[in-house]
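The values are calculated or read from the model by the stated rules, or taken from the named source; none is laboratory data. Nothing here was measured: the structure is a model prediction, and the numbers come from that model. Cβ placement follows ideal geometry from the backbone for every residue including glycine, while neighbour counts extend to all protein chains displayed. To get the accessible areas, we keep the full protein, side chains included, count just its heavy atoms, and leave off ligands, DNA and RNA. Shrake-Rupley method; radii C 1.70, N 1.55, O 1.52, S 1.80 Å.
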Amino acid sequence: MKNKFLLAVILFASSNIFAQFSQKPLPYAYNALEPHIDAQTMEIHYSKHHAAYVKNLNDALKGKGAENEKIETLLSNISKYDAAVRNNAGGHYNHELFWSILSPKKTTPSAELTQAINASFKSIEGLKTKLNDAGAKRFGSGWAWLSVDESGKLVVSSTANQDNPLMDIASKKGTPILGIDVWEHAYYLKYQNKRADYLTTIWNVINWDEVSRRFAAAKADK
Ligand code: MN
């Protein structure tokens, strides 16, 4: 009995090791973002929704000759792939980014990022208004993004479903440094139909250290 159990554990572990993509551990507890984002939403979102995107991405890529591709490379060539790859590659990348830009710790944007925010949106409040507006107006499921565009400028956009600004099919392209999930699964248990309330409260748990780090990396890349 014990051996069977061990065998099952080894098989499970190896199936994950050999999968092309896997989830990073969540960098905080499921309840760490309460009261702004509740523990049950976080647990289902991470362990069910995101996990499914990863599994479905690995399945969808089988036999496509993309075994060594990085996720960013897949996304920048996404028009060459089918809908299963597009939806699940986006789903995986977007959620990895989303977990990383949230934090229970109080943080503030770097001086460089503050300057860029002021240049594009007049103030941090101006950015919040513009991003929340993009998220609120997204019909159905999707994301609101803050990205660094080709010229190094900050831009706000929104995409449907699991698309994102790295995709070659995106109408506003750039390197996303902050993304807000506006799928109902991201807020419905606590906020029901009140997406605007979720969008207002999420600014309490933004990890500005990580957004600033992503901003500096994107700028260095231009
Ligand atoms: Mn989601």
Are there any pairs, at least 6 apart or on different chains, whose C-beta atoms fall under 7 Å, with the first in the stretch 162-185 and without any contact (Cβ under 8 Å) to a residue 12 or more places away in the chain and the second within 16 Å of the ligand (Cβ to nearest atom) and outside any loop (DSSP other than H, G, I, E, B), and if so, which? none
Where Asn164 falls short, out of the listed (1) within 16 Å of the ligand (Cβ to nearest atom); (2) not in a loop (DSSP other than H, G, I, E, B): (2)
Looking at the stretch 150-159, can you tell me whether even one residue there is within 16 Å of the ligand (Cβ to nearest atom), closer than 18 Å to Leu75 by Cβ and either assigned by TED's automatic domain parsing to the domain that holds Ser120 or surrounded by fewer than 20 Cβ atoms within 10 Å (Cβ to Cβ) (or both)? yes
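Any residue at all in the stretch 68-86 that's more than 18 Å from Glu184 (Cβ to Cβ) and either in contact with a strand residue (DSSP E or B) (Cβ under 6 Å, 6 or more places away or on another chain) or within 14 Å of the ligand (Cβ to nearest atom) (or both)?
Step one: list which residues in the stretch 68-86 are more than 18 Å from Glu184 (Cβ to Cβ), which gives 68-86.
When the remaining residues are screened for being either in contact with a strand residue (DSSP E or B) (Cβ under 6 Å, 6 or more places away or on another chain) or within 14 Å of the ligand (Cβ to nearest atom) (or both), the result is none.
The answer is no; no qualifying residue exists.
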When you scan the stretch 46-54, do you find a residue that is closer than 22 Å to Asn164 by Cβ, at pLDDT 95 or above and touching a Gly at 6+ places or on another chain (Cβ under 6 Å), even just one? yes
Filter the stretch 168-185 for residues that are more than 16 Å from the ligand (Cβ to nearest atom) and assigned to a loop (DSSP other than H, G, I, E, B); which is most open to solvent (accessible area, probe 1.4 Å)? Ser171
Out of the stretch 32-51, which residues are assigned to a helix (DSSP H, G or I), touching a residue at least 12 places away in the same chain (Cβ under 8 Å) and within 12 Å of the ligand (Cβ to nearest atom)? Thr41, Met42, Ile44, His45, Tyr46, His49, His50, Ala51
